[in-house]
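Peer 1: Please find one structure pasted underneath; my questions will follow.
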Amino acid sequence: MKTLKVEEMHCMNCVNRISSALKAEAIEFEIKLEEKIVRVDPENVERAIDLLDDLGFTASQ
Amino acid sequence: MKKEVYDIGGMHCAACSSAVERVTRKLPGVESSDVNLPLNRLTITYDEDKTSSQDIISKIERAGFSAKIRPIEGKSSFGVSPATSSASEEVSLLQEKRSLVTSAIFAGLLLALSMGHMIIPGFPVPDIISSDTHPVNMAILQMILAIPVLFLGRRFFTRGFSSLFRGNPNMDTLVALSASASFIYSLVTTFLITDSPHLVHNLYFESSAVVVAFVSVGKYMEANSKEKTKGAITKLMELAPETAILVDEDAQKEVSSSSIRPGDIVLVKAGARVPLDGIVVSGSGSINEAMLTGESMPVAKGEGSEVIGGSVSVDGVLYVKVTRTGDDTVLSQIIRFVEDAQEKKAPISRLADKVSGVFVPIVMAIAVVAAAIWFIVGKDFFFAIKIFTSVLVIACPCAMGLATPTAIIVGTGLGASRGILIRSGEALETAHKVSVAILDKTGTITEGSPIVTDIISDDQDALMQVGFSLESLSEHPLAKAVCSASNEMGISEAEPITGFENVGGRGVSGFNADGSRVLAGSPTFMKEMGVDISQHEKDIKSLQGMGKTVICVALDDTSLGIIGVSDQVRQSSRLSMERIKSIGIKTVLLTGDNRAAAEHIGDIVGVDEIVAEVLPTEKANVVKRYQDGGEIVMMVGDGINDAPALACADIGCAIGSGSDIAIDSADIVLMNSDLCDVARAITLSRLTIRTIKQNLFWAFFYNVLGIPIATGALYPSFGILLSPMVGAFAMSLSSLFVVSNALRLRRKEI
């Protein structure tokens, strides 16, 4: 799994939005709110970054 | 460009509002996009040729929120309709109250049924549902009464389990696990009652329902308190009048305030609210600016006076030329200020969040381990479940989550009602640690409107003509004083000056039409420029000794004379210094004036230390010097020339009239021109921090006391156990205490 840093994640609502979006695109993921990271499978990193951008988050590797 | 307002659904926090702003700002042609989180509203300005409402809505929906455009007609000039915004929140609170009452009824009935006989011997229960004769019926009835309560509190289960499965258990998780464990266990037991009727006494349907009901009470109190404490914003918004009387040539008509544009003339009659910020072009009267300054004494207004939207006309008739509308008005800036303060988390609040984040998994572990230990030592499964649910319920850190935000909301609201605007929870938290208050002189300790009091020269007209010609090119308050005095002497035409140069903080120079060098500035400046002012030394010392500023004027290398300028000390300055010192803060006067003048002013107002002859560019260094000495520094200035020092200080405090506030540069803005508010702001901060600490203590105290009892630590020696119901009650009590303690702050005198 590749780790993306998402500093703007703040609460469970952020987690829920990200989860729904990644699930809808059938991307395997793991979210750690405390560490402000989202882990995705390596093949979908770029798609995940775009999706997070659409949600208003800036993800960095 | 088109401006639209959208209602946004699904936002919970500042991160959500930032996300909406970020995604909409990326759309082509968007000039500005701002979210008002408390009102769930987006205001966006965009080029219709490049993007559309549908594009905006789609973008927001893709980000996981909902968006609906609001009609422009009928909204106030401040971008909101106060009546509508609070009405939707009131409806939501009313619905929550109805759910709560329904839950309470069912939970109450369930409690009476299951525990009535324990409290009141011989408690009447119809035979058809008696535990002795029809245990299955009793069990089923209890289940039927519990289900509506759990349904009405379903958000705890959806949020709690969703957080658990994502590896981020939170407070809702504790409630969900506890209520679920009690209900499922009781459900299974119900099926076993037929074979073992005594099991009817081991049901915990009432625990599951009461836990949810009590926690719902806590959440309702939280929502209700937030509404009450956000009253400051609602009250400010209600000051915005919906309509205004537009004066168009000779006609007057009542129009929506939102249709007024800068440059329009509006009529303000006695008793009416000023609709927007502006300048009086005709008429006279008195205005009550209490909403801005907290001072209820009306202020006289005449031609040229500035008026603030939202203030009340007491008497007279004013024709006002509008200068600011929408988000640019002073009232909008104040509202944004208060909203910012209530949204941005203080460091102590972030600490509470972090602790909660660690606390929940630890509590879950304690619950499992305690239950397991009791089971292993020989207690039955029912006992173990009771221990498990009790620990989860008593440990619910709801109060901890409320401890800081309620106090900060109340504290900032109280400050706003007194004309003290605090930008953030962080500013509120830092202000209580201030040990030194550095105060700028001009415009802070003094009125900032210096006047010429002495003109010493053999040819006063020549002196003032040169002085006026030079100083009319400068914006410095001293320059304005010279120009004003020259006008009074009948000098109103400035000679043309070329090569004008402003030597920051010291003087100005240039060349007149004859090519002669002309200078105006401090005695030090004159000496640097090689002008002999020895004949004026005695007068210079005398004027400076009286606290006056001396301006020397020269033509070529010849002194034409000196001008004495005096800036009146504010009436409240001495009292303010005493108040600041009385709360243990050291006071420092910071000025570019010479030492003698600074000491004169310093003696009048009673400061502890004086730092004089400081250039504007060096003020920040003075702040740093005190900080390097271990002091927590508050810098108090008029927010314009003092910006670097304000930014450098631990707390930057801007003082000034309503229309001149540099809100964006200061942590705290004192709307009154009253230095006593410096002491009030610090006192407010101390009271708020004390309240937060009290809240955190009590929140933790309940948990620390309750958890060991819930694990059964007192059972072997004293036979004491904590039932899940009592745990839920105690937990709600702690939330009630925390909220009540925060609301007490509203009645404090600062």
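The values are calculated or read from the model by the stated rules, or taken from the named source; none is laboratory data. Just so it is clear, the structure is predicted and the values come from calculations on it, not from any experiment. Cβ coordinates were reconstructed from backbone atoms using ideal geometry, including for glycine residues, and neighbour counts include every protein chain displayed. The area values use the complete protein model at the heavy-atom level, side chains included, leaving out ligands, DNA and RNA. Shrake-Rupley method; radii C 1.70, N 1.55, O 1.52, S 1.80 Å.
Peer 1: Among what's in the range B:599-618 and is in contact with a Gly (Cβ under 8 Å, 6 or more places away or on another chain), open to solvent by less than 40 Å² (accessible area, probe 1.4 Å) and not in a loop (DSSP other than H, G, I, E, B), pick the residue that is nearest to B:Arg570 (Cα to Cα).
Peer 2: Of everything passing the filter in the range B:599-618, B:Ile601 is nearest to B:Arg570 (Cα to Cα).
Peer 1: Ok, one more. Write out, first by first residue and then by second, each pair whose Cβ atoms fall under 8 Å of each other, whose residues are 6+ apart or on separate chains, and whose first residue, in the range B:423-443, is of a type in the set (Asp, Glu) while the second is part of a loop (DSSP other than H, G, I, E, B) and open to solvent by less than 30 Å² (accessible area, probe 1.4 Å).
Peer 2: B:Glu426/B:Ala346; B:Glu429/B:Ala346; B:Asp440/B:Thr591; B:Asp440/B:Asp642
Peer 1: Restricting the range B:414-438 to residues that are open to solvent by less than 10 Å² (accessible area, probe 1.4 Å) and of a type outside the set (A, V, I, L, M), which is farthest from the chain's Cα centre (by Cα)?
Peer 2: Filtering first and then ranking leaves B:Gly419.
Peer 1: Pull out all pairs, ordered by first then second residue, where Cβ-Cβ is under 8 Å, the residues are six or more apart or on different chains, the first lies in the range B:630-641 and is more than 15 Å from B:Met671 (Cα to Cα) and among the acidic types (Asp, Glu), and the second is at pLDDT 85 or above and outside any strand (DSSP E or B).
Peer 2: B:Glu631/B:Ser435
Peer 1: Continuing with this model, one more query. Would you mind stating whether B:Thr84 is more than 30 Å from B:Val215 (Cβ to Cβ), at pLDDT below 80 and within 28 Å of the chain's Cα centre (by Cα)? Outline the logic, then answer.
Peer 2: Values: more than 30 Å from B:Val215 (Cβ to Cβ): yes; at pLDDT below 80: yes; within 28 Å of the chain's Cα centre (by Cα): yes.
Criteria met by B:Thr84.
Peer 1: Could you check how many residues of the range A:30-44 are surrounded by fewer than 19 Cβ atoms within 10 Å (Cβ to Cβ), more than 9 Å from the chain's Cα centre (by Cα) and either outside any loop (DSSP other than H, G, I, E, B) or hydrophobic (A, V, I, L, M, F, W, C) (or both)?
Peer 2: Count: 4.
Peer 1: Only one of (1) under 12 Å from B:Glu4 (Cβ atoms); (2) within 11 Å of chain A (Cβ to nearest Cβ); (3) surrounded by fewer than 18 Cβ atoms within 10 Å (Cβ to Cβ) is not met by B:Thr24, so which one is it?
Peer 2: Going through the list (1) under 12 Å from B:Glu4 (Cβ atoms); (2) within 11 Å of chain A (Cβ to nearest Cβ); (3) surrounded by fewer than 18 Cβ atoms within 10 Å (Cβ to Cβ), B:Thr24 breaks only (3).
Peer 1: Within the range B:243-258, how many residues are in contact (Cβ under 8 Å) with a residue 60 or more places away in the chain and of a type in the set (S, T, N, Q)?
Peer 2: The qualifying residues number 3.
Peer 1: Collect the residues in the range B:550-586 that are assigned to a loop (DSSP other than H, G, I, E, B) and farther than 16 Å from B:Val607 by Cβ, keeping them in residue-number order. Show your work before the answer.
Peer 2: Step one: filter the range B:550-586 for residues assigned to a loop (DSSP other than H, G, I, E, B), giving B:556-557, B:567-568, B:570-572, B:583-585.
Residues satisfying the conditions are B:Asp556, B:Asp557, B:Gln568, B:Gln571.
Peer 1: Count, please, the residues in the range B:1-21 that happen to be in contact with a Gly (Cβ under 9 Å, 6 or more places away or on another chain), open to solvent by less than 40 Å² (accessible area, probe 1.4 Å) and more than 9 Å from chain A (Cβ to nearest Cβ).
Peer 2: The qualifying residues number 1.
Peer 1: Sticking with this one: Condition first: within 18 Å of B:Gly326 (Cβ to Cβ) and surrounded by fewer than 16 Cβ atoms within 10 Å (Cβ to Cβ). Now tell me which residues in the range B:256-277 satisfy that.
Peer 2: B:Ser259, B:Arg261, B:Pro262, B:Gly263
Peer 1: Shifting gears a bit: Restricting to the range B:664-699, and then to whatever is part of a helix (DSSP H, G or I) and of a type in the set (Ser, Thr, Tyr), can you tell me which residue is nearest to B:Cys653 (Cα to Cα)?
Peer 2: Narrowing the range B:664-699 to residues part of a helix (DSSP H, G or I): B:664-665, B:676-699.
Subset that is of a type in the set (Ser, Thr, Tyr): B:665, B:683, B:685, B:688, B:691.
Working: B:Ser665: 9, B:Thr683: 14, B:Ser685: 13, B:Thr688: 18, B:Thr691: 23 Å.
That would be B:Ser665.
Peer 1: Let me ask something additional. Scan the range B:290-313 residue by residue and report those that are hydrophobic (A, V, I, L, M, F, W, C) and modelled with pLDDT under 85. Show your work before the answer.
Peer 2: Initially, the range B:290-313 is screened for residues hydrophobic (A, V, I, L, M, F, W, C), giving B:290-292, B:297, B:299-300, B:307-308, B:312.
Listed by number, the residues that qualify are B:Ala290, B:Met291, B:Leu292, B:Met297, B:Val299, B:Ala300, B:Val312.
Peer 1: If the requirement is being more than 8 Å from every other protein chain (Cβ to nearest Cβ), part of a loop (DSSP other than H, G, I, E, B) and surrounded by 13 or more Cβ atoms within 10 Å (Cβ to Cβ), which of these qualifies: A:Ile18, A:Ile49, A:Ile27?
Peer 2: Values: A:Ile18 fails: part of a loop (DSSP other than H, G, I, E, B); A:Ile49 fails: part of a loop (DSSP other than H, G, I, E, B).
One residue alone meets the criteria, A:Ile27.
Peer 1: Since B:Val614 meets every condition but one in (1) under 30 Å from B:Leu684 (Cβ atoms); (2) in contact with an Asp or Glu (Cβ under 7 Å, 6 or more places away or on another chain); (3) β-branched (Val, Ile, Thr), which condition does it not meet?
Peer 2: (2)
Peer 1: Take the residues of the range A:1-15 that are open to solvent by less than 20 Å² (accessible area, probe 1.4 Å) and touching a Cys at 6+ places or on another chain (Cβ under 9 Å): which is farthest from the other protein chains (Cβ to nearest Cβ)?
Peer 2: First pass over the range A:1-15, keeping only residues open to solvent by less than 20 Å² (accessible area, probe 1.4 Å): A:4, A:6, A:9, A:14-15.
Those left that are additionally touching a Cys at 6+ places or on another chain (Cβ under 9 Å): A:6, A:14.
Numbers: A:Val6: 10, A:Cys14: 5 Å.
Among those that are open to solvent by less than 20 Å² (accessible area, probe 1.4 Å) and touching a Cys at 6+ places or on another chain (Cβ under 9 Å), it is A:Val6.
Peer 1: Among the residues in the range B:472-494, are any of a type in the set (A, V, I, L, M, F, W, C), touching a residue at least 12 places away in the same chain (Cβ under 8 Å) and under 16 Å from B:Asp556 (Cα atoms)? Before you say what the answer is, go through the steps one by one.
Peer 2: Taking the range B:472-494 first, the residues of a type in the set (A, V, I, L, M, F, W, C) are B:473, B:478-479, B:481-483, B:485, B:489, B:491, B:494.
Those still in the list that are touching a residue at least 12 places away in the same chain (Cβ under 8 Å) too: B:473, B:478-479, B:481-483, B:485, B:489, B:491, B:494.
Now restrict to residues that are under 16 Å from B:Asp556 (Cα atoms): none.
No, that holds for no residue.
Peer 1: On to the next question. Kindly indicate whether any position in the range B:29-42 is at pLDDT below 90, more than 8 Å from every other protein chain (Cβ to nearest Cβ), assigned to a helix (DSSP H, G or I) and out of contact with any Pro (no Cβ under 9 Å at 6 or more places or on another chain).
Peer 2: no
This table checks each residue for (1) in a helix (DSSP H, G or I); (2) among the charged types (D, E, K, R); (3) at pLDDT below 70.
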| residue | (1), (2), (3) |
| --- | --- |
| B:Asp315 | no, yes, no |
| B:Leu318 | no, no, no |
| B:Ile335 | yes, no, yes |
| B:Ser349 | yes, no, yes |
| B:Lys354 | yes, yes, yes |
| B:Val369 | yes, no, no |
| B:Ile387 | yes, no, no |
| B:Leu392 | yes, no, no |
| B:Leu421 | no, no, no |
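Peer 1: Specify the residue that is most open to solvent (accessible area, probe 1.4 Å); the eligible residues are those in the range B:558-574 that are more than 17 Å from B:Ala598 (Cβ to Cβ) and without any contact (Cβ under 8 Å) to a residue 40 or more places away in the chain.
Peer 2: Step one: of the range B:558-574, the residues more than 17 Å from B:Ala598 (Cβ to Cβ) are B:558-563, B:571-572.
Going one step further and asking which of them are without any contact (Cβ under 8 Å) to a residue 40 or more places away in the chain, we end up with B:558-559, B:571.
On the way: B:Thr558: 86, B:Ser559: 17, B:Gln571: 186 Å².
Per the criteria, the residue is B:Gln571.
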